[in-house]
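J.: Here it is: the structure, laid out below.
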Amino acid sequence: MDDLYRDFILEHYKRPRNFGELEPRDLEAHDYNPLCGDEMGVHIRLDGDRIAALRFHGHGCAISQAAASIASEELIGMRRQEAAGLDADWMLELLGIPISATRRKCALLNLKVMRGALTGDASWPPEGDDGA
Amino acid sequence: MTAGPSIASARAEAAPAGPGAPLPVPLDIRGDFPILAREIDGRRLVYLDSAATSQKPESVIAAIDDYYRAHNANIHRGVYTLAQEATDLFEGARQRVAAFVGGEPATTIFTRNATEAINLVAYSWGRTHLGPGDAVLITQMEHHSNIVPWQLLCAERGAELRYLEVSDSGQLSLAQLESELARGDVRLVAVAHVSNVLGTINPIAEIVARARAAGAVSLIDGSQAVPQLTVDVSAVGADFYAWTGHKALGPTGIGVLQGRAELLEAMPPFLAGGDMIASVDFQSSTWNELPWKFEAGTSMIAEAVGLGAAVDYLTGLGMERVRAHERALVAETLERLAGLPDLRVLGPADADARGGVVSFVIEGIHPHDIAELLNRQGVSIRAGHHCAMPLMRRLGVPATARASFGPYNVSADVDALADALAGARRTFEL
């Protein structure tokens with residue numbers, strides 16, 4: 001059994017949850033991983049201060065796509081404020097696989113885009129916190 | 001290592017076989033490259049990323065080591081013995097590097113890399129020759145180093161940047177070149193000799209001749225060509241030919257610009273400072289002769305010595321033999337990869353039309369995951385856009401996986417690649 005490409009990672013990669021676009025939507029953001037050209041966008045619909053629906057789209061490696069899929073299941077129903085405060089540790093724990101420094105950007109791309117949509121701040125993670 | 005070899009003995013030492021003693025084909029020179037004895041997680045290192053940078057033979061490493069141990073001094077002005085030796089080593093390397101590609105020492109300028117060589121032309125030639133209404137013509141298969149300098153130049157000078165298209169089989173169209181040149185505004189044509197993504201060997205002598213007939217200056221990016229083909233810059237006839245040392249078995253930090261003397265003489269300097277001047281007065285200066293006019297500041301002396309050793313080594317192998325060897329590896333790779341389902345090779349289907357680079361995509365596995373899984377088998381390949389994002393867009397892929405060869409690769413490396421790719425497909429349950 002490969003410790004990175006676990007069954008559940010490949011399962012989420014091949015059949016991503018909440019993949020696609022959302023219409024209508026309240027918030028959206030889009031970003032690139034400049035190292036590899038991967039891109040990811042997110043659409044969010046709010047119900048009051050909760051995330052009522054969320055979909056991501058784009059293309060990337062198994063790690064970035066599975067991370068987005070897994071995170072999406074946690075994020076739907078979460079309070080906007082809480083989601084905006086999620087950090088890298090939350091994402092990496094949720095993934096539960098060893099992520100090397102070179103793949104850290106892959107694992108965190110969806111969180112970066114999601115936070116960009118919620119807060120309007122596309123600069124996360126700040127320099128020094130991205131492990132690369 | 002004891003006393004350092006002179007230039008002459010370093011050259012003799014670098015040649016693995018005497019002249020006229022043909023090496024067997026296929027080559028197996030792995031023993032000359034210390035790093036290839038390394039293991040990755042207990043597995044033999046299979047290095048398939050030579051298009052990014054080549055590994056270095058013992059003779060190159062030894063030449064750099066010997067330079068610092070026995071000859072180090074600043075060059076060109078010192079009268080003492082070490083300074084004279086360092087100057088002789090540096091200028092001797094220039095002579096051999098120039099001869100290796102059919103050039104002249106006076107028009108062989110050492111730069112930091114190919115990127116700097118191209119920027120030199122964009123800055124010094126471009127800013128004095130380009131204006132509104134003029135065009136620069138490049139191609140969709142260029143490396144960013146042969147795109148971005150022209151973008152900046154065109155934006156600054158109000159000129160237009162246009163592209164020759166790449167066909168589905170990864171080739172340029174001479175008919176489109178003709179129609180672009182016929183518009184009468186093209187002042188410069190800049191083209192890669194060999195594509196770093198597709199491997200395509202472009203018909204540069206033809207492109208250069210047609211550009212010249214249309215009154216345009218030509219620049220060829222030879223970074224991928226010099227390490228694997230017999231290059232004769234005088235036969236190509238380009239106005240500028242830029243390449244880099246570290247892809248050609250030499251060290252990082254040294255590149256080469258070969259230019260036509262009349263153009264170089266008329267161009268203003270690029271970087272200004274010491275060594276590039278003839279005399280300096282309080283308000284103005286006069287410039288040194290070629291090639292030193294374009295080599296401001298203390299040069300990369302040890303790197304030049306290392307590159308000299310690298311071209312000695314390649315000369316010893318014989319570039320015809322290097323090409324034949326890598327061509328055979330590519331043909332074998334194309335054949336092996338054709339047997340893998342879901343895998344698509346990009347670029348020319350014919351090994352004769354391409355250099356030692358094979359880019360591919362696998363439906364269902366992202367290139368980064370391919371590279372990660374191959375690394376677990378000790379196989380080092382590159383994944384990403386390969387500094388050619390416009391080409392990725394043209395090909396309709398976000399990224400590719402790329403295996404590329406050096407003269408030290410062997411058939412067993414192709415087997416390791418194919419086996420590891422089959423394993424990656426199994427991991428992803430394809």
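J.: Could you compute the net charge surrounding A:Ile63? Neighbours are other residues with a C-beta less than 13 Å from the C-beta of A:Ile63; K and R count +1, D and E count -1.
T.: Its environment carries a net charge of -1.
J.: Once you keep just the Cα pairs under 8 angstrom separated by 6 or more residues, what percentage relative contact order results for region B:81-314?
T.: In percent, rounded to a whole number, it is 25.
J.: Starting from the Cα of B:Lys247, draw a straight line to each of the lysines and keep only those under 18 Å, dropping any in the same chain fewer than 8 residues away.
T.: List returned: B:Lys56.
J.: While we're here: In nanometres, what is the gap between the two model label sites at B:Ser279 and B:Asp28, each 7 Å from Cα along Cα-to-Cβ?
T.: 6.4 nm
J.: Take B:Ala106 and A:Arg79, extend 7 Å from each Cα along the Cα→Cβ direction, and tell me the distance between the two endpoints in nm.
T.: According to this spin-label approximation, the distance is 8.0 nm.
J.: Still on this model: In region B:362-400, which residues become less accessible by 40 Å² or more once every protein chain is in place, relative to the chain on its own, using a 1.4 Å probe?
T.: B:His366, B:His368, B:Asp369, B:Glu372, B:Arg376, B:His385, B:Pro398
J.: For region A:41-122, with all protein chains present and a 1.4 Å probe, just round the carbon and sulfur fraction of the accessible area to a whole percent.
T.: Answer for region A:41-122: carbon and sulfur cover 45 percent of the accessible area.
J.: May I ask you to list the lysines whose Cα is less than 25 Å away from that of A:Lys105, ignoring any residue fewer than eight positions away on the same chain?
T.: A:Lys14
J.: Enter the accessible area per residue of region A:2-80 (Å², integer; probe 1.4 Å; all protein chains in place).
T.: Dividing the accessible area of region A:2-80 by its residue count gives 45 Å².
J.: Tell me, what is the per residue accessible area of chain B in Å², probe radius 1.4 Å?
T.: 39 Å²
J.: Sticking with the crude label model, points 7 Å out along Cα→Cβ, report the distance from B:Ala209 to B:Ala266 in nm, one decimal please.
T.: My value for the distance between the label points is 2.4 nm.
J.: Of all accessible surface on region B:121-181 at a 1.4 Å probe, what whole percent is carbon and sulfur?
T.: About 51 percent, which is the carbon plus sulfur part of the accessible surface.
J.: Going Cα to Cα from B:Lys293, which aspartates and glutamates come in below 20 Å? Please leave out same-chain ones fewer than 8 positions away.
T.: B:Asp88, B:Glu91, B:Glu104, B:Glu116, B:Asp239, B:Glu262, B:Glu265, B:Asp275, B:Asp281, B:Glu303
J.: Using modelled amide H (1.01 Å from N, peptide plane; none on Pro or chain starts), what sits under 5 Å from the amide H of B:Thr139, excluding residues fewer than 5 places away?
T.: Distant-sequence amide H within range of B:Thr139: B:Leu164.
J.: Count the net charge of all other residues whose Cβ sits under 15 Å from the Cβ of B:Asp134, scoring Lys and Arg as +1 and Asp and Glu as -1.
T.: My count for the surroundings of B:Asp134 gives +1.
J.: While we're on this one: Counting only other chains, what is the mean number of Cβ atoms within 10 angstrom of the Cβ of each residue in peptide A:6-15?
T.: Taking the mean over all residues of the peptide, I get 2.
J.: Evaluate E = 1/(1 + (r/R0)^6) for B:Glu160 and B:Thr128, where r is the Cβ-Cβ distance and R0 equals 22 Å; express this FRET efficiency to the nearest 0.05.
T.: Computed FRET efficiency for B:Glu160 and B:Thr128 comes out at 0.75.
J.: With just the Cα atoms defining each centre, how far is region B:327-393 from region B:71-100? Give it in Å.
T.: 42 Å
J.: Within chain B, which whole H helices from DSSP have a Cα span along their axis of at least 27 Å and a mean Kyte-Doolittle hydropathy of -0.5 or more, if any?
T.: Qualifying helices, which must be both long enough and hydrophobic enough, are B:81-100, B:319-338.
J.: Can you tell me the Rg and the Dmax, both Å, for the Cα atoms in the protein assembly as shown?
T.: Just the Cα atoms of the protein assembly as shown yield Rg and Dmax of 26.1, 83 Å.
J.: I've got another one for you. Compute for chains A and B the buried accessible surface, both sides summed, probe 1.4 Å, and express it in Å² to the nearest 100.
T.: Answer for the A-B pair: about 1300 Å² buried.
J.: In addition: Can you tell me the FRET efficiency between B:Asn72 and B:Ala331 if r is taken as the Cβ-Cβ distance and R0 is 35 Å, rounded to the nearest 0.05?
T.: For R0 = 35 Å, the calculated efficiency reads 0.20.
J.: Compute the angle between helix A:62-75 and the longest alpha-carbon principal axis of chain A, please, reported from 0 to 90 degrees and rounded to the nearest 10.
T.: Compared with the principal axis, the helix lies near 40 degrees.
J.: Hey, another quick one. Against the longest alpha carbon principal axis of chain A, how many degrees, from 0 to 90 and to the nearest 10, is the axis of helix A:101-119 turned?
T.: Approximately 0 degrees, to the nearest 10.
J.: Sticking with this one: Towards the positive end of the charge dipole of region B:81-314, with charges on Cβ (+1 Lys, Arg; -1 Asp, Glu), say which of B:Val217, B:Ala106, B:Leu198 has the farthest Cα.
T.: B:Leu198
The values are calculated or read from the model by the stated rules, or taken from the named source; none is laboratory data. Everything numeric in this text was worked out from a predicted model, so none of it was measured. As a convention, Cβ positions derive from the backbone with ideal geometry for all residues, glycine included, and neighbour counts pool all protein chains shown. To get the accessible areas, we keep the full protein, side chains included, count just its heavy atoms, and leave off ligands, DNA and RNA. Shrake-Rupley method; radii C 1.70, N 1.55, O 1.52, S 1.80 Å.
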